[in-house]
Amino acid sequence: MKKFILLSLLICSVAVGMTSCKAWRTISTSATYTQVGDSTKTTTTITTKTVEEYQGVKK
């Protein structure tokens, strides 16, 4: 029974080591614009968020 458990752990370790990996990167950008008129002042903020995903493959 111990040999079976050790063999199973070894196979799982090899399988995990041979799989590909994923990485994510989140980029947030913010810009603020102010428009001044004769009697008003308007401020606008634009915020964007981009999530990039990378797929790595073990060679």
Result of the Cβ filter at 6 Å on the stretch 13-34, keeping first residues that are open to solvent by 90 Å² or more (accessible area, probe 1.4 Å) and partners that are at pLDDT below 80, at least 6 apart or interchain, is none
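Results for (1) in contact with a helix residue (DSSP H, G or I) (Cβ under 9 Å, 6 or more places away or on another chain); (2) at pLDDT below 75; (3) of a type in the set (Ser, Thr, Tyr); (4) assigned to a strand (DSSP E or B), shown as yes or no for each residue.
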site	(1), (2), (3), (4)
5	no, no, no, no
8	no, no, yes, no
15	no, yes, no, no
22	no, no, no, yes
26	no, no, yes, yes
29	no, no, yes, yes
32	no, no, yes, yes
35	no, no, no, yes
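The values are calculated or read from the model by the stated rules, or taken from the named source; none is laboratory data. Just so it is clear, the model here is predicted, and its values are computed rather than measured. Heads up, the Cβs are rebuilt from the backbone with ideal geometry, glycines too, and the neighbour counts pull from every protein chain shown. When the accessible area is computed, the model is the full protein with side chains, heavy atoms only, and any ligands, DNA or RNA have been set aside. Shrake-Rupley method; radii C 1.70, N 1.55, O 1.52, S 1.80 Å.
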